[in-house]
Amino acid sequence: MRFHFKTSYDTDIDLFPDWWKRGLYLALLALAVALPFLINDFYVGEATNVLIWAVAGLGLMLLTGQTGQVSLGHSAFMALGCYACVLLMEAGLPFVAAFLLAGVVTGLVGAAIAVPALRLHGVYLAIATLALAILADDIIVLLAAWTGGVNGKYAPPVTILGVEFNRWSNPAAWYWLALAVVVLVTWAYRNILRTPLGRSFAAVRDSEISAQAMGVDVARTKTLAFGLSCAITGLGGALMGLFSEVFNNETFNFLISIQLVMMIVVGGLGFIHGAFLGAVVIAFLPQLLSIVTDTLGRGVAIPGLEAAVFGGLLILFILFEPMGLYGRWLKIRVWLELFPFARKDMFRRQKSYLKTERLR
């Protein structure tokens with residue numbers, strides 16, 4: 001077991017607790033950079049899809065995992081980020097400027113929507129945001145002059161410094177682009193958690209009454225969390241639309257929101273690692289189901305199988321492992337470090353609410 005001796009506030013909020021973790025993440029980053037040289041083009045495309053889902057998942061994780069606000073409407077903000085980026089590129093802006101500006105626009109719209117929406121709590125907030133996701137489908141159709149409606153739009157080519165990124169002719173370049181976005185978003189996410197704002201997020205998540213008593217402006221904190229979350233999710237939506245090259249109102253339907261929620265719950269709610277583990281599940285589970293149905297069902301498609309498996313998996317994790325895949329790994333790691341002194345009661349769940357939350 002490694003013991004971390006913190007001698008100052010700077011070491012307490014350091015990005016990496018020790019040299020071992022720093023070296024481990026640097027090695028992981030080096031492996032990620034070299035991955036296109038180790039696998040074929042098909043799996044490079046799948047890895048790119050995982051990274052795009054991870055960006056969108058990090059956005060929802062910031063809101064739900066760090067601030068405790070459940071949203072089922074983030075597919076609408078993915079759509080907004082995608083259409084904003086494409087329209088700005090069609091207006092003549094270079095990709096990098098259009099991409100960043102699309103995130104800003106999505107964040108501002110999300111913060112504006114959050115002002116009335118975040119007066120709700122729990123399931124009521126989830127229903128309100130789900131209505132937003134369903135409404136976004138109709139808005140895209142009504143704004144056909146800009147969005148293309150049901151016919152959709154073709155994404156313009158992505159060009160950076162004269163280099164064109166095409167998923168078919170050069171999948172490795174698209175992978176590295178998605179990897180760069182993931183690294184920057186993860187770095188920004190981690191640094192937000194180190195700030196007083198990040199600690200305010202945790203305080204609001206644990207108990208709004210207690211956060212108010214400590215001087216936290218709950219309404220402002222929730223609004224900032226929603227805005228930042230939507231901005232990151234909008235970047236994920238922009239990458240998803242540009243990567244798919246063709247998209248319409250059905251590309252970002254409300255089922256995407258359900259998949260995002262499932263992704264962060266299965267991966268590990270409240271953990272950055274959980275967004276990546278959940279993205280792997282979301283990206284590869286449909287492929288696994290396709291292989292299984294082709295093998296056992298001789299190519300016969302089973303309607304609703306994917307949705308049923310996703311829903312069943314979500315229920316199982318909520319009931320038996322609410323900390324997700326990363327939480328399970330943490331338990332295994334602690335058990336190995338403390339063996340033979342580890343006890344099962346160490347991981348007993350707290351099933352009662354804080355008394356201060358009963359006042360809400």
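Give me the residue from segment 242-257 that is over 20 Å from TRP174 (Cβ atoms) and of a type in the set (A, V, I, L, M, F, W, C) and, out of that set, least open to solvent (accessible area, probe 1.4 Å). Can you show your working first?
Taking segment 242-257 as the starting set, the residues that turn out to be over 20 Å from TRP174 (Cβ atoms) are 248-250, 253-257.
Adding the requirement that they be of a type in the set (A, V, I, L, M, F, W, C) leaves 254-256.
Numbers: PHE254: 86, LEU255: 93, ILE256: 17 Å².
Top of the filtered list is ILE256.
Residues of segment 191-222 that are under 18 Å from the mean Cα position of the chain (by Cα), surrounded by 14 or more Cβ atoms within 10 Å (Cβ to Cβ) and not small (Gly, Ala, Ser): ILE192, LEU193, PHE201, ARG205, LYS222.
Test THR233 against the criterion of being of a type in the set (Val, Ile, Thr), surrounded by 22 or more Cβ atoms within 10 Å (Cβ to Cβ) and in a helix (DSSP H, G or I), and give yes or no. The answer is yes for THR233.
Among the residues of segment 54-71, what is the count of those that are of a type in the set (A, V, I, L, M, F, W, C) and under 19 Å from VAL204 (Cβ atoms)?
In the first step, residues of segment 54-71 are kept if they are of a type in the set (A, V, I, L, M, F, W, C); the result is 54-56, 58, 60-63, 70.
Pick out the ones that are also under 19 Å from VAL204 (Cβ atoms) and you get 58, 60-63, 70.
So the answer is 6.
Among the residues of this structure, ALA54 does not count as one that is open to solvent by 30 Å² or more (accessible area, probe 1.4 Å) and part of a helix (DSSP H, G or I). Within segment 93-149, the set of residues being aromatic (Phe, Trp, Tyr) and within 30 Å of TRP174 (Cα to Cα) comprises PHE95, PHE99, TRP146.
Scanning segment 106-125 for residues being assigned to a helix (DSSP H, G or I) and either aromatic (Phe, Trp, Tyr) or surrounded by fewer than 19 Cβ atoms within 10 Å (Cβ to Cβ) (or both) gives a total of 7. Looking at ALA76, ALA98, just one residue is modelled with pLDDT under 95, open to solvent by 10 Å² or more (accessible area, probe 1.4 Å) and hydrophobic (A, V, I, L, M, F, W, C), and that residue is ALA76.
Residues of segment 161-184 that are at pLDDT 85 or above, hydrophobic (A, V, I, L, M, F, W, C) and either touching a Leu at 6+ places or on another chain (Cβ under 8 Å) or open to solvent by less than 30 Å² (accessible area, probe 1.4 Å) (or both): ALA172, ALA173, TRP174, LEU177, ALA178, LEU179, VAL181, VAL182, VAL183.
Flag: GLY149 does not match the condition of being open to solvent by less than 10 Å² (accessible area, probe 1.4 Å), of a type outside the set (A, V, I, L, M, F, W, C) and under 25 Å from ALA225 (Cβ atoms).
Just one residue in the set PHE243, PHE201 is out of contact with any Cys (no Cβ under 8 Å at 6 or more places or on another chain), farther than 27 Å from ILE318 by Cα and in a helix (DSSP H, G or I); that residue is PHE243.
Checked against (1) modelled with pLDDT under 75; (2) loosely packed, with under 15 Cβ neighbours inside 10 Å, THR356 meets all criteria but (2).
Cβ separations smaller than 6 Å between residues 6+ apart or across chains give no pair from segment 162-190 residues that are within 17 Å of LEU26 (Cα to Cα) to residues that are open to solvent by less than 20 Å² (accessible area, probe 1.4 Å) and among the polar types (S, T, N, Q). Within segment 316-333, restricting attention to residues that are within 19 Å of the chain's Cα centre (by Cα) and assigned to a helix (DSSP H, G or I), the residue that is farthest from GLY267 (Cα to Cα) is ILE318.
The values are calculated or read from the model by the stated rules, or taken from the named source; none is laboratory data. Model, not experiment: these values are computed from the prediction. Counting neighbours? That spans all protein chains shown, and the Cβs are built from the backbone with ideal geometry, glycine included. Heavy atoms of the whole protein, side chains included, go into the accessibility calculation; ligands, DNA and RNA do not. Shrake-Rupley method; radii C 1.70, N 1.55, O 1.52, S 1.80 Å.
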